[in-house]
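See structure below.
Each value in this text was obtained by applying a stated rule to the coordinates, not by laboratory testing. Quantities reported herein were computed from a predicted structural model and do not represent experimental measurements. Neighbour counts run over all protein chains shown; Cβ positions are idealised from the backbone, glycine included.
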Amino acid sequence: MRLKFLFLLCALIGVLAAFASGQTPEGGRASGVIGQRDTVEIRVFREEELTTTGQLSSDGSISMPLIGSVKLAGLTTDSAAKAIEAKLKDGYLVKPQVSVTIEGRIRRTITVLGQAQNPGVFELPANRSMTIVEAIGMAGGATRIANTKKITLKRSGGKVQTINLKDITSGKTADMSLKDGDVLSIPESLF
């Protein structure tokens, strides 16, 4: 009976630890790569009137007092802070100290279709990029009847590329980072 109780207690602690680690920091603030249409907060130390909070525009920028529009999409929060500091140093402040946090994220996804073990929609990580090989791996890999030499990558805007997975995995060509909305389609091999 005591052993059973200890087992249940350990299981409960494990579940609570897993739940807690999946939570965002207090207030939902985060760092990492800033996505297009994310909501950010920009603070300038000892310059409260320059604090800016808002959602990025469709081109990935936000407007700030003094310096105007600043493109932040695709930058890390640290890189964005350095870019804003550089603009503020250019004729406005002597030694600005800027912090950028992500207040809210827009879900960014890619889709893997066709001859994958588990095709579906997968969320892009917030703090780093995901490559084609990683995405196919998340989908369980290609099936045995897949034609991995003619995988197509469709990007928003209609641009379609043909990818040879074997060339990437053998090192002949470089793996590519995926972007929000990308669709990978793995065709069936025609023997």
Kindly write out, for region 61-72 in residue order, the coupling ³J(HN,Hα) from the Karplus curve 6.51 cos²θ - 1.76 cosθ + 1.60 (θ = phi - 60°), rounded to whole Hz, with x marking Gly and Pro.
-> 10, 9, 9, 10, x, 6, 9, x, 6, 10, 7, 10
Coarse-grained scattering of region 108-191 at q = 0.11 Å⁻¹, given as base-10 log I(q)/I(0) from a Debye sum over alpha-carbon atoms = -0.25
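Size of the dipole of region 58-136 about the Cα centre, Lys and Arg at +1 and Asp and Glu at -1 on the beta carbon, nothing else charged, in debye to 20?
Details: 9 positive and 7 negative charges, 29 e Å.
In debye, rounded to 20, region 58-136 gives about 140.
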Of every Cα-Cα pair in region 26-104, the percentage lying beyond 21 Å is 18
Given charges of +1 on the Cβ of Lys and Arg and -1 on the Cβ of Asp and Glu, with all other atoms neutral, how large is the dipole of region 25-85 about its Cα centre, in debye to the nearest 20?
-> 140
J(HN,Hα) series, region 109-117, from Karplus relation 6.51 cos²θ - 1.76 cosθ + 1.60, nearest Hz, glycine and proline x = 9, 10, 10, 10, 10, x, 7, 10, 4
Where the only charges are on Cβ atoms (+1 Lys, Arg; -1 Asp, Glu), what is the dipole of region 109-186 about its Cα centre, to the nearest 20 debye?
-> 300
Straight-line reach from residue 149: which lysines have a Cα under 19 Å away, not including same-chain ones fewer than 8 places off?
-> 159, 166, 172
